[in-house]
1. In peptide B:30-37, how many Cβ atoms from other protein chains are near each Cβ within 10 Å, on average?
2. Can you give the convex hull volume per residue for the Cα atoms of chain B, as a whole number of Å³?
3. So, with +1 on the Cβ of K and R and -1 on the Cβ of D and E, and no other charges, what is the size of the charge dipole of the range A:67-133 about its Cα centre, to the nearest 20 debye?
4. Considering every residue in A:101-114, what mean count of other chain Cβ atoms within 10 Å of its Cβ is obtained?
5. Please list the equivalent ellipsoid semi-axes of the range B:50-207, computed as the square roots of five times the alpha-carbon gyration tensor eigenvalues, in descending order and whole angstrom.
6. What does the average come to when, for each residue of peptide A:2-12, you count the partner chain Cβ atoms lying within 10 Å of its Cβ?
7. Give, as a single signed number, the net charge of other residues whose beta carbon lies under 12 Å from the beta carbon of B:Leu94, with Lys and Arg counted +1 and Asp and Glu -1.
8. Rg to Rh ratio, the protein assembly as shown, alpha-carbon atoms and Kirkwood radius?
Amino acid sequence: MTEFALTLLRLAFLGALWLFIIITVIALRRDLMQPREARPAPTRGSARPPKPAKPPKQPRPPKPARHAKTGPSLLVTEGPLAATVIPLGSAQVTIGRAPDSTLVIDDDYASSRHARIYPGDDGWIVEDLGSTNGTWVDRNRITSPTILPPNVPLRIGRTTLQLQR
Amino acid sequence: MSTPATAHPVARPPRQRTRRGLELILLILAWGIGVLGTQQVAWATGEGLHSRFWITAGVVGALALIAHIIVRWRVPYADPFLLPIATLLTILGLVMIYRLDVAALQRAERNGNPAPTPDVYNQLTWYAVAVLLFVLVLLVLRDHRILQRYTYTFGLLGVILLLLPLAPVIGATVNGATLWVRVGGFTFQPAEAAKILLAIFFAGYLVVTRDSLALVRTKVLGVPLPRARDLGPILIVWMVSLGVLVFERDLGTSLLFFGLFVCMLYIATQRWSWLVLGLLLFAVGAVFAYLAFGHVRTRVQVWLDPFAFSDTGGYQIVQSLYGFANGGLFGTGLGRGYPELVPFANTDFIMSGLGEELGLTGAIGIMLLYAILIERGLRIAVSVRDPFGQLLSAGLSITLAIQVFVIVGGVTRLIPLTGLTTPFLSYGGSSLVANWAIIAILLVISNRARRPAPESPASDHVATQVVRR
């Protein structure tokens, strides 16, 4: 074996080691981008009616356009549940991974009981329930109950919501 | 499919991607890397290819394939990265152990001594045993939650295993540490098995008690402190860790168990005050150990100034540092360095040999493999639904993380050197078998986390409206 061939072999070995790592990282990235493929559980990712009396929910049409007439609502604009609409009545809406939340988001970046939205005197108020990754209203992490203005992005994990009048 | 037809035809996600094909590709690549490395060792050292080379390579390939087939059969939805990375690390270890065998053989030839017995076939046998245990775990353990039933049994067994080396007849002291058990010419390190059992015990115990452990009563200087009576568990683990240090004289194992418990306590309660408390207890223990034990003091002094002790206690670490320096950016190439100059080059110091011959490029690659392995483990912890599975997979990943940090940190003189095996790479059966069992348990948990729900609870369907697009 010549010295030249050995050098080639040496570089090929390092190259193969890094090829393994690069393939792994690319596949990992794909896995992170589409976690839903691997995480089905049909009941998850469904909006449930809040417990107290509320306007009964009719089977929701997939188009987000129809909801505007029915009063204030929360529209999911980004994330795996995009285009989900939750009508806002007089009851609070809880958001989190816990199965008894109003909006169950199956997201590794959300906490079990992440945030709640409830009616206050001056409009709808969002409160973080001690989540790990925080609740963000228009790029600000909220630390206390905050009024949620309409059409302002509310971010929870990978999900973004908006209050619609 | 039991879903009532009226409920929601859209709710069924598209076909599950199991990514088993990716796993197979990565396994083949790992095998190829091993063949390439062994070829290079053979030619670069002038030894030539051993007549048994292709048989050995075939055995390694067959073992990897068996593991893959069992994974396909038993845990088809499990994480696709764990098995290939563990296999690649084991193969890199085999290549390096073979390379050190060649060095030992050539030295014996130069000095006219009889040829030493090669270690690589022992390690290969242990790899086979490890795959056997891996398969057994996958076959027997259908659901990791079964382990929770035996929380205290495992805890007791773990402590017994930890203390077994102190037993009068079977305990054995090797290189100053009473860490081995010898039964009829056959030695093993019970601490390796104990780390899995204790991770199971900590997970089961913390699932039950975490609510009370998370309670905060008083604040001192703005640090929320847990209640005094909740301090019991952490103090007991601390005492046991110190006991291991005092009686078995093993810093690494002691550090591993205490670190594991503190990390799991933090994960279970989400109170960083436990971390502060753990660090304080660690500091107290470290000062005590420094003052009380000569061997600990030597380690610290060698760490601070290894070159002052370069021909006594610091010889090993100095040779290791020279090795890394000699390797440079791309390494000397397998077979062209002097990794055999470091004592214990194939166990504690295998990283310095790899660092010398593969260079910074290869060493960073290996560190990345560990990082991905641990990240996947923690990711399983995040995605699995039951709290016991979360804590267990986090705990098992943390044992790997602590081991890598402690030994690689020690070899590179980031922290004082403590003897722990480098997971998967080091020569040594107990460690290899135990780490493969960890991978098997993680695969079982991740299979549960990622697989499609077999049946949705029927009662939910009346009330549930799916408003997914």
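Just so you know, all these numbers are worked out from the coordinates, no wet-lab data involved. All values reported here derive from a predicted model rather than from experimental measurement. So basically every Cβ, Gly included, is an ideal-geometry build from the backbone, and we count neighbours across all protein chains shown.
1. 4
2. Value for chain B: 187 Å³ per residue.
3. Values: 4 positive and 9 negative charges, 42 e Å.
Roughly 200 debye, rounded to the nearest 20.
4. Average per residue, whole number: 1.
5. So the equivalent ellipsoid measures 33, 26, 11 Å along its semi-axes.
6. Counting Cβ atoms of other protein chains within 10 Å of each residue's Cβ and averaging gives 4.
7. The answer is -1.
8. Details: Rg = 27.7 Å, Rh = 27.1 Å.
Computed over Cα atoms, the ratio is 1.02.
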